[in-house]
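*Asks:* Mind having a look at this structure? Questions to follow.
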Amino acid sequence: MFEINHVSARYNMLTSFVNAVDDVNFNIEKNEIFGIAGESGCGKSTLLKVMYDLVDYPLEISSGSVRLYNGNSETNYIETGKLKECWWKDISYISQGAMNVMNPITKVENQFFDTVRRGYHKKMTKKQIREKVAAYMKELELSPDVLKAYPHQLSGGMRQRVLIALATFLNPRIILADEPTTALDVVVQKDILTMLMSVQKRMKNSMVIVSHDMGVHYQVTDRIGIMYAGQMIEIGPTDEIFSHPKHPYTQMLISALPKVGDNSQKEGIPGTPPNLKSPPIGCRFAPRCKYAADECRKIRPQMVPVGDKHFAACLLLEHAKGGNE
Ligand SMILES: Nc1ncnc2c1ncn2[C@@H]1O[C@H](COP(=O)(O)OP(=O)(O)O)[C@@H](O)[C@H]1O
Ligand SMILES: [Mg+2]
């Protein structure tokens, strides 16, 4: 229902390019929560911007495009360059740090009016919108008082809830959320994730959650795509990724997670990701990979099936294809 077709995107720094997203190719299915994971700086936010068609200088798409399918028809879709026309209505986006970008001088209720005006072509009266908004707040178990408040009068958690309400108000087919819980404390994080999951369950739309926190993915997502240095290196059902991670990088991400009853000091992943201005030509993880062979530094690995709906890009897995793992 949403296709990301071989997307590459870069920041044009005049004398050089930051190749933030490199040949990323996958689909989002109807009624699923898809997670995008990976360390900070690996291109998650950039990919999400491309998916939302929010591509402004210095960001540019160097190849590929995204497509959002309308209904069940295979020929009826909206593509990169046109998605802006269906913001809020068909696709909505909660940007990283969005809590701080709410218009500070506009009461919450008026932020809803703006959203509706941008997202709806047909005319709705203020009274109609007000009633609809009030009903929706009730549905989400948010106090109607929130509508009369200015953003700064709300706690961080409440502001994030309001943003989720705004992003889902017109029942878009897909909702993109960039690090929706990152700035919040742990207890509030859990409430926000619960809210996102219950909204998705009710509306049966698709949701994309970007987070560097594997714990978030474990709690909410149905499938995960793991990014490393601008590339998607593994993709699969969440339980598979956690129980049988295939790519050495994913294995390190998973083994770095704290486990119940295990108090041993967790080591981070040694080394740092490559500079995206001139990434290595072979596997981008090779310089940090304990299994890397000579060819890993020369040949770019392709995504190969490694399980049911599970794919990973690693030369060792390519060789072992059909093996017994
Ligand atoms: N506006 C920008 N101008 C130049 N480089 C940028 C800009 N935004 C992000 N980058 C670079 O693009 C790469 C990917 O960043 P980003 O997509 O924000 O990663 P993530 O969301 O995974 O942390 C990083 O190397 C980052 O420094
Ligand atoms: Mg980011």
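*Asks:* Just the residues that are buried (at least 16 other Cβ atoms within 10 Å of the Cβ) and either among the aromatic types (Phe, Trp, Tyr) or farther than 20 Å from ALA177 by Cβ (or both), please, taken from the range 84-115.
*Replies:* TRP87, TRP88, TYR93, LYS107, GLU109, PHE112, PHE113
*Asks:* Please work out which residue is nearest to ILE28 (Cα to Cα), limiting yourself to the range 165-209 and to residues that are among the aliphatic types (A, V, I, L, M) and part of a loop (DSSP other than H, G, I, E, B).
*Replies:* Filtering the range 165-209 for residues that are among the aliphatic types (A, V, I, L, M) and part of a loop (DSSP other than H, G, I, E, B), the one nearest to ILE28 (Cα to Cα) comes out as LEU170.
*Asks:* For the range 290-325, which positions are assigned to a loop (DSSP other than H, G, I, E, B), surrounded by fewer than 19 Cβ atoms within 10 Å (Cβ to Cβ), touching a residue at least 12 places away in the same chain (Cβ under 8 Å) and more than 23 Å from the chain's Cα centre (by Cα)?
*Replies:* The answer is LYS290, TYR291, ALA293, LYS298, ILE299, ARG300, LYS321, GLU325.
*Asks:* Answer yes or no as to whether LEU47 is crowded, with 16+ Cβ neighbours inside 10 Å and more than 16 Å from ligand 1 (Cβ to nearest atom).
*Replies:* no
*Asks:* Next up: Give me the pairs, please: first residue somewhere in the range 36-57 and of a type in the set (Gly, Ala, Ser), second residue anywhere and part of a helix (DSSP H, G or I) and near ligand 1 (Cβ under 6 Å from one of its atoms), beta-carbon distance under 8 Å, and either six or more positions apart or on two chains.
*Replies:* From the range 36-57, the pairs are ALA37/LYS44; GLY38/LYS44.
*Asks:* Scan the range 50-81 for residues that are acidic (Asp, Glu) and within 16 Å of ligand 1 (Cβ to nearest atom) and report the count.
*Replies:* Qualifying residue count, the range 50-81: 3.
*Asks:* In contact with a Ser or Thr (Cβ under 9 Å, 6 or more places away or on another chain) and of a type in the set (A, V, I, L, M): which single residue out of LEU257, LEU253, LEU193 fits that description?
*Replies:* LEU193
*Asks:* On to the next question. Kindly list the number of the only condition in (1) away from ligand 2 (no atom under 16 Å from the Cβ); (2) farther than 13 Å from SER8 by Cα; (3) assigned to a strand (DSSP E or B) that fails for GLU85.
*Replies:* (3)
We did not get these values from a lab; they are worked out from the coordinates using the rules stated. Given the structure is predicted, the values throughout are model-derived calculations rather than measurements. Note that we place each Cβ from the backbone using ideal geometry, even for glycine, and neighbour counts take in every protein chain shown.
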